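> Okay, here's the structure, questions in a sec.
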Amino acid sequence: MSLPNDRRDLLIGLLSGSILSIVSTGALCYYYYSTRLLQNSKTAASPPAAGRGSVIVEGVDGLIGNTPLMKIRSLSEATGCTILGKAEFLNPGGSSKDRVALNIIRSAEEDGILKPHNGSTIFEGTVGSTGISIAMIARAKGYKAWIVMPDDQAQEKYQLLEKLGAHVEKVRPVSIIDKKQFVNLARVRASQFGKVDDGQQKLSDMVGYFADQFENEANFRAHYQATAPEIHQQTQGRLDALVLGAGTGGTLSGLTCYLKPRIPNLKVFLADPQGSGLYNKVKFNTMYAPTEKEGTRRRHQVDTVVEGIGVNRLTRNFDLGRQLVDDAYRVTDEEAVKMSRFLVREDGLFLGSSSAVNCVAAVRVAKQLGPGHVIVTLLNDSGQRHLTKFW
Ligand SMILES: Cc1ncc(COP(=O)(O)O)c(C=O)c1O
């Protein structure tokens, strides 16, 4: 098609004008956004924490650990201390127990006990988090999971376990001296697994493995070898206090045994929920909870809405670091509930019950030490796992 010269010149002029305007608008937009981003660099996307988001990882186990240490703004401003929470809820299974489950399974593999894809099953007695982590890692590595749990935990934990393909066995909460207590039962189930009636093993290398998080030192090592060095590096060794609760005690002992020799003035505090005997064990070397007093004893030994911490017996993993714990704080359910609501309101931080207990105790430590100190605590899991009970 041929156009008269004057119309062709007009068309060329219009087209080049539009292109120039698109290019210049683009340049202006780029200039505008880049300057705004520069001006607002404090609120712009910050670089990811080392090891998270900066490398390609292999499989679900590659997502475990290297969690950020976050400054909890509201508590830091209120106390004049720097209160830091290790964001363990960012682990793929939603809690710090991913580290423990992975290390327990790896150690059993290294010892030649567990071999994948032969029907071997991992058994554990747990209030939920460790079970969820075991179920997830068992799937990823070619094992089955059998989880024995008290029947009074938050409903979403049972649902999660079932969705992850674990066999879930719910039992009444009873004392540790009862054979049907969830940990005792998991041990028995593991020992019976794969045996036919005459006691013979059905398949030579298929085993039932009892993870035994309370007594298994692979739990302690998971924190000694990874969580603790991470905290040391993230704070560059500049921390004055560590404060956290204990269930198995693996986290408390692992962190304390690694950090105390490296930071000589570090103080370690136990945060204990109501009904737990550990507070008295740390303070007076006597395992005793007021709820055990004659005439006051209630249905559960550790009677609290808090899940995951608080226990009335001395476990191997707690014992490993017990002597290095300086002091303890008791935290009531009411204080934990109030703290959890406060953190959502002020920081948008939606936490589970044990993390709320840790934060209450962190504030008490801040008040005891005075402004200017650095306090580290653990944010073990998110409130999403506690919707039907604590929340
Ligand atoms: C949510 C949650 N927080 C904290 C803990 C306590 O950690 P540890 O067993 O290392 O004492 C547990 C233990 O089960 C837990 O499930």
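Read the figures in this text as sums done on the coordinates, not as results from a lab. Everything numeric here is computed off the predicted structure, so don't read it as measured data. Counting neighbours? That spans all protein chains shown, and the Cβs are built from the backbone with ideal geometry, glycine included.
> Taking the highest mean first, how do the peptides 241-250, 227-236 order by number of other beta carbon atoms within 10 angstrom per residue?
Values: 241-250: 27.6, 227-236: 17.5.
Highest to lowest by the protection proxy: 241-250, 227-236.
> Also, quick follow-up: Please report, in cubic angstrom per residue, the volume enclosed by the convex hull of the alpha-carbon atoms of region 325-368.
Output value, Cα hull per residue: 74 Å³.
> Collect residues whose amide H, placed 1.01 Å from N in the peptide plane, falls under 5 Å from the amide H of residue 145; neighbours closer than 5 in sequence don't count.
When sequence neighbours closer than 5 places are left aside, the close amide H contacts are 122, 167.
> So what does log10 I(q)/I(0) come out to for region 123-222 at q = 0.12, 0.23 Å⁻¹, using the Debye formula with one equal point on every Cα and no solvent?
Calculated log10 I(q)/I(0) at the listed q: -0.39, -1.26.
> Hey, another quick one. Inverting the mean 1/r over all pairs of different Cα atoms, compute the Kirkwood radius of region 86-173 and quote it in Å.
With all distinct Cα pairs of region 86-173 included, I get 13.0 Å.
> Okay, moving on. Using just the C-alpha positions of region 346-391 as equal point scatterers, what log10 of I(q)/I(0) does the Debye formula give at each q in 0.16, 0.34 1/Å?
Ignoring solvent entirely, the Cα scatterers give -0.49, -1.19.
> Now for a separate question. Compute the projected area of the convex hull of the Cα atoms of region 220-271, averaged over all viewing directions, and report it in nm² to one decimal place.
Its average projected convex-hull area is 3.1 nm².
> Extending each Cα 7 Å along its Cβ direction at residue 238 and residue 159, get the distance between those two points in nm, one decimal.
It is 4.5 nm.
> Let me ask something additional. By how many nm would the segment from residue 338 to residue 326 lengthen if fully extended, with 0.36 nm per residue of separation less the alpha-carbon distance?
The span from residue 338 to residue 326 would gain 1.7 nm if fully extended.
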